[in-house]
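These notes concern the structure reproduced below.
No lab work stands behind these numbers, since they all come straight from the coordinates. Since this is a predicted model, take the numbers as computed values, not measurements. FYI the Cβ positions are ideal-geometry reconstructions off the backbone, even for glycines, and counts take in every protein chain you see.
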Amino acid sequence: MSRTPTSRGKGQPKKDLAAEAFAEGMRLVRANRALAAIGFSTCRQEDCPDSPRDGLVRVDSNGVLHVHPTRRAEPVEWAWAVAHAVIHLGFGHVPAAPKTREQPDRHALAARCAVVNRFLLGFPIGLTPEDLPPTYPDGDEEQLAARWRRDGTPAPYERCGTAGGEPDQLLVPWDTWKGGRAPDWQLEFAHALTRTVATAMDVAGGRRGSMRGGPTRLQPWERALSWFISSYPLLGGIAAGITLVADAELARAHDISVAAVNAEAGEIYVNPLRQLDDEEWRFVLAHEMLHAALRHGDRCGPRDPYLFNIAADYVINGWLCEMQVGTMPEGLLYDAELKDLSAEEVYDRIAKDLRRMRRLSTLRGKGAGDILGAPLGSPRDYVDLDELYRRGLSHGFDLHQQLERGYLPGGLVEEIRALEHPPLPWDARLARWFDEFVPRPEPVRTYARPSRRQASTPDIPRAGRYFPPEEIARCTFGVVLDTSGSMDRTLLGKALGAIASYAEARDVPAARVVFCDAAPHDAGYLPVTEIAGRVRVHGRGGTVLQPGIDLLHRADDFPPGAPLLVITDGWCDVLRVRREHAYLIPQGARLPFTARGPVFRVR
């Protein structure tokens with residue numbers, strides 16, 4: 001009679017599924033270099049008196065893991081339980097010693113298990129059981145145990161070990177038959193963690209191919225970036241925070257000939273198909289890092305972005321040639337006559353010959369700037385970019401001077417020094433504008449209105465203090481507010497709140513407010529305390545602000561010397577203001593004309 005392949009012969013032993021799952025769980029634990037370095041052993045005998053009756057694993061101070069011999073569990077569950085027990089050894093919860101000791105109480109056992117489980121949340125091995133708490137309190141074992149002895153152990157943490165309702169930690173005397181001194185499990189674990197971290201650093205630095213493999217060969221642009229981190233402190237801080245993206249398809253899709261940079265994303269995009277040597281890649285990466293660190297994308301302002309990119313390339317390439325950083329690849333922009341000029345000054349010169357300048361190429365290619373305004377890949381977390389690049393370049397400059405690493409052009413030093421003194425935030429500049437152009441009402445003293453502050457000496461005449469109506473009418477300002485459909489409510493709130501607070505601090509009684517969309521709406525004089533709180537915005541049509549400004553110009557009850565504040569998102573008509581004025585616009589927005597008054601960019 002034939003037998004199917006899946007049938008088991010009469011003499012063939014039955015598979016032990018529990019043993020196979022345990023063996024696979026042990027393989028997962030041994031794959032972790034830190035845990036595998038601890039010299040623990042396992043006991044899975046059926047007659048072992050120390051194996052848990054209701055759980056999976058119990059660990060003793062001799063480094064033996066007593067495992068339930070028949071319980072079935074998934075390999076990932078075994079891996080977590082074994083890792084929990086081994087970390088008890090590594091944390092010194094069951095230290096080896098040759099003498100008999102008192103077993104820890106239930107509060108200490110629960111506190112130690114809570115600390116181990118909290119560690120495993122950030123050091124995941126296997127699968128955490130679903131019935132365990134998702135979070136654990138702060139504090140070490142001793143602090144938690146003392147707190148729980150005083151207040152009682154919370155119910156969720158009473159059974160968070162690996163032996164069910166029994167203790168999963170057992171203190172036993174060191175077996176003398178093993179010979180030698182009792183091991184220090186805590187020291188072994190610390191050394192194993194140190195070796196693991198060192199190996200991971202070698203992998204990240206390219207000195208090893210993997211956690212188990214040998215050295216790997218770095219690409220030339222990776223070697224160039226590593227050189228800045230290790231050997232060139234001026235740009236080492238910037239290089240440490242830069243991500244290199246070498247993707248041929250991405251470079252082809254975005255027409256990147258050699259390289260481009262996105263300062264906001266902290267990424268430099270390189271074309272891996274471009275054949276350059278290490279020295280040339282150093283020049284290219286230094287070029288892009290200086291673009292990012294000096295914030296050339298934000299400094300463009302109302303200028304043509306591509307021409308300003310060209311001007312910045314001339315300046316940076318001149319600096320790098322003077323500093324002898326790498327070798328400049330062929331075809332890059334360089335002119336000795338533009339030495340010691342800023343990017344803005346170079347822009348003013350090259351803007352006279354737009355036809356020729358449009359044919360020049362950057363590292364990205366002909367007719368395209370290598371300063372990008374948005375990340376090419378998926379979105380990522382952002383930080384305070386100004387602070388990041390300013391701090392990296394300033395620290396690098398200090399190290400460069402301390403180590404006397406070489407010559408730096410004077411123009412580059414001036415720009416780095418300027419970065420050490422960041423510009424004032426918009427609200428501080430707005431406060432200064434108020435101090436300069438919005439007059440504070442001056443009180444008048446007169447004996448016709450006696451002072452009430454000296455009631456204790458009524459026989460001594462003293463002048464009173466008051467504000468005459470003409471003085472109050474003189475101290476005001478106008479607000480022309482864009483209320484079109486594109487206007488952001490957050491911008492309105494921030495701008496109006498700042499205006500109200502500064503005006504109130506200067507004792508300005510009221511401000512003239514005009515709302516503008518398709519037509520102006522005169523709200524008249526409003527108390528400064530109501531500007532941000534009870535203003536009702538009229539209209540949500542198009543944006544035409546000039547009629548609102550003309551309304552204030554012609555108003556007989558508006559002082560001719562009072563300044564104007566124009567709040568808009570930049571999508572407006574060309575404005576002509578014939579008195580002192582300022583603009584409040586969102587960060588990143590641009591006005592469609594050259595502003596003659598200060599522009600405050602609200603963040």
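Some points to look at:
- Dipole magnitude of segment 220-419, debye to nearest 20 (Cβ charges: Lys/Arg +1, Asp/Glu -1, about Cα centre): 440
- FRET efficiency, 1/(1 + (r/R0)^6) with R0 30 Å, evaluated for Thr194 and Glu142 via beta carbons: 0.80
- Full-extension gain in nm, Ala595 to Thr128, via 0.36 nm per residue minus C-alpha separation: 162.0 nm
- Segment 52-99 shape via C-alpha gyration tensor axes, a/c threshold 1.5: oblate
- Rounded, prolate or oblate (a/c below 1.5 giving rounded, otherwise prolate when a/b exceeds b/c) for segment 464-602 by Cα gyration tensor: prolate
- Extension gain, His254 back to Ser226 (0.36 nm per residue minus Cα-Cα distance, nm): 7.5 nm
- Stretch gain in nm, segment Ala37-Ser342, where the contour uses 0.36 nm per residue and the Cα spacing is subtracted: 104.0 nm
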